[in-house]
Each structure stands twice: as C-alpha cells, then as structure tokens.
1. With both partners inside the chain, how many of the DSSP beta bridges are antiparallel, as a percent to the nearest 5?
2. Roughly speaking, to the nearest percent, how much of the range 1-85's 1.4 Å accessible area is carbon and sulfur?
3. Enter the angle in degrees (range 0 to 90, nearest 10) between the Cα long axis of helix 337-350 and the first principal axis of the Cα atoms of the chain, meaning the one along which they spread out most.
4. Please give the calculated 222 nm ellipticity per residue for the chain, where each DSSP H segment of at least 4 residues contributes -39500 (n - 2.57) and the sum is spread over every residue; nearest 500 deg cm²/dmol?
5. Could you give the distance between the Cα centres of the range 155-210 and the range 65-97, to the whole Å?
6. Taking the chain as the reference, fit the longest principal axis to its C-alpha atoms, fit the long axis of helix 97-112 to the helix C-alpha atoms, and give the angle between the two in degrees, 0 to 90, nearest 10.
7. For an R0 of 41 angstrom, estimate the FRET efficiency from the Cβ-Cβ distance between THR309 and ARG162 and round to the nearest 0.05.
8. Around SER87, what is the net charge, scoring Lys/Arg as +1 and Asp/Glu as -1 over all other residues with Cβ under 13 Å from its Cβ?
Amino acid sequence: MAVTTRDGSAARIERDIEHLATAPYTRSSEAIRRYAYTPEYRNTLDWFTRELEQIGFTVSEDPLGTLVARNRPSGVPAFGIGSHCDSNRNGGKYDGTMGVVTALEVCRLAHEQELDLPLQLVSFLEEEGSGFGQMLLGSRIVAGRIDESDLRERFRAIDDGRSFWEHAEAAGYEPSRWRECAAVLDGLTGWIEMHIEQARVLQDTGNRIGIVTAIAGYVHADVVVHGRGDHAGATPMDLRLDPTLVLAETALELERLAREAGRGTVGTIGEVEVDPGLINAIASRVRFSLDIRGPEDDAYRDVAGKIATAAATSAEARGMHAEYVERQRLPATPMDEGIVGALERAAAATGEPYRRMHSGAAHDTMCVADRVPVAMVFVPCVDGISHHPAEDADPADAALAAEIILAAITSLL
Ligand code: GLV
Ligand code: MN
Ligand code: MN
C-alpha cells in the first residue's frame, strides 16, 4: 500500500476539517455549532464511523454516545488517541475536531504502513459543555466523576431546560447504563490527545509542536444575586436594590484577586443573565458564571473562595442576597513523564522546533488521567484565538503531530 507523505497527511487533514465545517455537520455557517444529541453531532459521529470502518476499525458508542473505535477486539490492550468533536457555542473549526481528525490520520498511517499497532480512537461526548453547561461531561462520566442525580436532575439543557437524562433517552441512548461508560478506558495502555494550543506561546516562540507537561485545574461556579425589580425611571438612586451593581463589583474584584494570586491564575465571568433584562427596568435577579483556573490548585481555589465571600459581602452591603453554587471542579493534572519523554524524542527526531509547556485550557485527558498514563500534543493556532469562529490552525502542523504521535506510540509498545 502506498505510504502517505507528511504533505499528503496535511492535505487529508485539511480536507476532513473543511468537510466537517459545512452542513450537515454544523447548524450555522457563522460559527461551528455542534452539540451533543443534535442531528449535526449525529452526522459527525456517523462520518467518523464510516472513515474508521474503511480502515478496518470496529466502531461502537458507549451507553451515552462517546465514540470508541478499535482495531483490536474489546478487552485486548490498546493505545488510546482522540479528543472531542462537539463545539463551543461560538466555535471554530479546530477545537477538538482537529484532535479527532488527527487521531484518525494516525490510524490511517498505521494502517497504510501495516504497523499492526493496537489502537483505540475515542471522541468524547460534550467536552465543551455547549449542550448542558457542564464541561468535560462525557469524560467525567467515563471517569465516574459525577453522580446519577446529576444526570437525572441537576444537568439541564441550556436551550430547553430538560434534563440530560431525558435528552440522552430521546437521542436513543441508555442513561441508566451510565456506569458502563467506564469501560471506555478498559485496557488502555496509554493515551495521547492532540489539540490546538488555544494560546499564543507556540506562535510567539516559533515552535510548531507543544508537548504538554500539565493541564491547569479549574473551578466552575454560578453566583445568583436577588435584588428588587422596579421602574428604571421612577425609582430614585437611593431606593434601589439593583443586583447588576453586585455583578459589577464582583467582576472587578475577580480581576484584582486573579492578578494578586499570580502563578498563572485566571478568572472569567463568561455568562451573564439579567432578569427580566429590559432597558427600562431595574433587574430583580442576576446570575453570572465564574471560571477560575490555574496550574496551581491552592492559588486558583483560594480565589474561588474569596470571590464567593466578596459577592456575598457586596450584596449584603447593598441590602441584597447572593448565593454561590459550585458547578464542578477538576484539579491540575500532570502528564505522564514516560509518554512525554517518548513524544519529545519523536519530536526531536523530526528536526522541527518543539517545546514543553502547560495547558491553560481544560481537556478530556484530565479525566482519562484518573486511570491511564496520559500526555498531550499541541499545535499552534493563529494569535492564540479560540472559542471563536476566527480560530485558525495549519493542517501541516497537525500532520507533523500525527507523525510524532505515531512514532511515540510505536516506541512505547
Ligand atoms: C475547554 O473547552 C475549556 O474551556 O478549557
Ligand atoms: Mn477542546
Ligand atoms: Mn474548547
């Protein structure tokens, strides 16, 4: 069988990425919009299934829809590769999808080169939290990092408020078997996820490959402030209970605390809900999200604790009440030095520039790490832009990553 060159791999990766950026794989042409249990997501899983079956992989889905493709019978040890193919709600073409397409390319190369490598490709369900507001949902289920009551009650669809459980059933899955999702990691001897960097370290340092040594941990939470809805024109300034002021004070305090904490700590208010959200009405209620992260658990968790107190204090001082509810948290996750070393040797052998680095973004690999030795490979994305349609990355870098991953796995087996 003809062996594909690196340029040939790049052309294939580019073709696949562009194909999946069109209808019927996204519900919008302005951004990639592909969420769990939607027809676009189904079409994408079906597309990967067809491509993988063509090279002899057996493809299945776990009871909730994480896709698993193997070139060995289930239960036989294999090396895991993959990422996620759902998108951010304002997504680009590359976040997650380039990782699954590159994993597919690794499988194609191994097949063409008749390497007889035992491989398992995984595309995790709902990494972005776009459907249910819960990031890394599929891999947290696989890792047993959720409770049944979360799936039945707590996790609700952003669009219609129905439970995850109901949506999974409506899509033909079996949520009552969620504990069996753990089998996705059975028999994995290692795991490598390829992803765009989502920052600009590689671009600014002139490197084509990042070898991740650790992934930042995070806390996700919501603050709800209860004020008193009233007329915007007729209510004097000293007779108001306006919850947007608590939002404003908390946003500034979050910036101050994250800067003060340093050590890579970052904090973001990404969702703001103002109820009733009318130009001529004082809000009765405000909800805002908190995304607080960093490579050092004590630093960013301290900020999360302090900001909860700051929001409550700001609300009380203004005669209101604020509630802080944590959505989820994952600790900072070190990568396996054995796999990192194999990737470094494989990268060095290509003669292309690479560096070790940490990941500021979260990845399913954090959950795989509970049971399997893991590592990640990054490729640059233009100006570091991600979670935005302007996201851009070079398929030639992904082809280089595929070659490095293939060489590293070969050296590890
Ligand atoms: C993943 O999408 C993240 O926000 O880190
Ligand atoms: Mn991603
Ligand atoms: Mn993402």
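The values are calculated or read from the model by the stated rules, or taken from the named source; none is laboratory data. Just so it is clear, the model here is predicted, and its values are computed rather than measured. Ideal geometry is used to build each Cβ from the backbone, glycine not excepted, and the neighbour counts take in all protein chains shown. To get the accessible areas, we keep the full protein, side chains included, count just its heavy atoms, and leave off ligands, DNA and RNA. Shrake-Rupley method; radii C 1.70, N 1.55, O 1.52, S 1.80 Å.
1. Details: 43 of 65 bridges.
Within the chain, antiparallel bridges account for around 65 percent of the total.
2. Whole-percent figure for carbon plus sulfur exposure: 52.
3. Roughly 60 degrees, rounded to the nearest 10.
4. -10500 deg cm²/dmol
5. After rounding, the separation between the Cα centres reads 8 Å.
6. Approximately 10 degrees, to the nearest ten.
7. On the way: r = 34 Å, r/R0 = 0.83.
Once rounded, the FRET efficiency stands at 0.75.
8. My count for the surroundings of SER87 gives -3.
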